[in-house]
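Structure record follows, encoded as structure tokens.
Readers should treat all values here as calculations from the given coordinates under stated rules, not as data from a laboratory. Just so we're clear, the structure is a prediction, and the values are computed from it rather than from any experiment. Positions of Cβ are backbone-derived with ideal geometry, glycine not excepted, and every protein chain shown enters the neighbour counts.
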Amino acid sequence: MDLKEKIKAGRSICGTLVNIPAMCIAEMMGYFDYDYLWIDLEHSAITLDVCYSQIVAAKSVGKQVLIRVPQNDLTYTKKVLEMGPDGIIFPMVRSAAEAKELLSYTLYPPYGTRGCGPQRAVRYGVDDEIAFFREGHGNLCRFMQIECKTFIDDMEEIAENPFIDGFILGLADLSGSINEIGDFFGENNLALAKKAIEIATKHGKIVGSATLATDEATLTMLHDMGIKMITCGSDFNYIVNGAKKTYEAVKKVIEK
């Protein structure tokens, strides 16, 4: 069962973040039984050529891949789509009009404005390009991040769009949009999150989260909120925490 099928079936799914610009990172993460890897082009130093190699590496170990592209960037979006990821994530979407525009980047006419030129997306021509233009492009998973209050104000309209597979809460930026940055689990921020979850659920859309948290308590709280797509932890997070733990252990030994 692929990612889109799991979402349609209403299953809870999980993934982890890839931020370090190295092909082997995606391969290493891919050996674990996450439902997907989230490769981040918004905040990391990952370039398009590294992203390409990470997609290939993840696929080589049977892992599905979501790519978060930079904010409202047609050129990056187009190039990423031609690499053949399983899904795309749009960050910092502010309105229904912007959501509609971003979706148009991912869809061929008459549904959108995507230009013809798939490469790895059609296995370099092994697959039927015309069939991909007409139907195959629909297999892509499309996600919008909930990071702005104005987005939630428009969510009833946005959630009606049949091409959106789900929404991903970004509690950090959402708190910033109401001038309470850093108060991720504050009363006002959680009230907005709850409203967004209710609207998405009503329209049959999965709701996800992206968090560096790895502790069971935080992840349980998110799941209990109605978040069924949990993206947690990160490659640099694992390295730093592992290095810290090892350092603390060896210091105890040498200081005895």
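Within the range 159-188, take every residue that is of a type in the set (Asp, Glu) and either assigned to a helix (DSSP H, G or I) or within 21 Å of ALA213 (Cβ to Cβ) (or both) and give me the one that is nearest to the chain's Cα centre (by Cα).
Of all residues in the range 159-188, those of a type in the set (Asp, Glu) come to 160, 165, 173, 180, 183, 187.
From what is left, the residues that are either assigned to a helix (DSSP H, G or I) or within 21 Å of ALA213 (Cβ to Cβ) (or both) are 173, 180, 183, 187.
Values: ASP173: 15, GLU180: 24, ASP183: 22, GLU187: 25 Å.
The selected residue is ASP173.
Could you tell me whether LYS202 is closer than 25 Å to GLU156 by Cα, more than 20 Å from the chain's Cα centre (by Cα) and exposed (fewer than 12 other Cβ atoms within 10 Å of the Cβ)?
Numbers: closer than 25 Å to GLU156 by Cα: yes; more than 20 Å from the chain's Cα centre (by Cα): yes; exposed (fewer than 12 other Cβ atoms within 10 Å of the Cβ): yes.
Yes; evaluated as a whole, the condition is true for this residue.
Could you grab me the full set of residues in the range 17-40 that are within 14 Å of GLY87 (Cα to Cα) and among the β-branched types (Val, Ile, Thr)?
ILE39
Just give me the residues in the range 121-158 being farther than 30 Å from ALA172 by Cβ, assigned to a loop (DSSP other than H, G, I, E, B) and of a type in the set (Asp, Glu), in sequence order. Steps first, please.
Filtering the range 121-158 down to residues farther than 30 Å from ALA172 by Cβ leaves 121-139.
Still in the list and also assigned to a loop (DSSP other than H, G, I, E, B): 126-128, 135.
Matches in the range 121-158: ASP127, ASP128, GLU135.
Counting only residues that are in contact with a strand residue (DSSP E or B) (Cβ under 8 Å, 6 or more places away or on another chain) and among the basic types (Lys, Arg), how many does the range 132-158 have?
So the count comes out to 1.
Pull up the range 95-106, narrow it to residues that are over 26 Å from VAL18 (Cβ atoms), without any contact (Cβ under 8 Å) to a residue 60 or more places away in the chain and not acidic (Asp, Glu), then point me to the one that is surrounded by the fewest Cβ atoms within 10 Å (Cβ to Cβ).
Once the filter is applied, the top-ranked residue is ALA97.
Let me spell it out: the conditions are (1) in a helix (DSSP H, G or I); (2) surrounded by 14 or more Cβ atoms within 10 Å (Cβ to Cβ); (3) of a type in the set (A, V, I, L, M, F, W, C), and ALA191 meets all of them except one. Which number is the exception?
(2)
Would you mention how many residues in the range 74-94 are touching a residue at least 40 places away in the same chain (Cβ under 8 Å) and touching a strand residue (DSSP E or B) at 6+ places or on another chain (Cβ under 9 Å)?
The number of residues fulfilling the criteria is 10.
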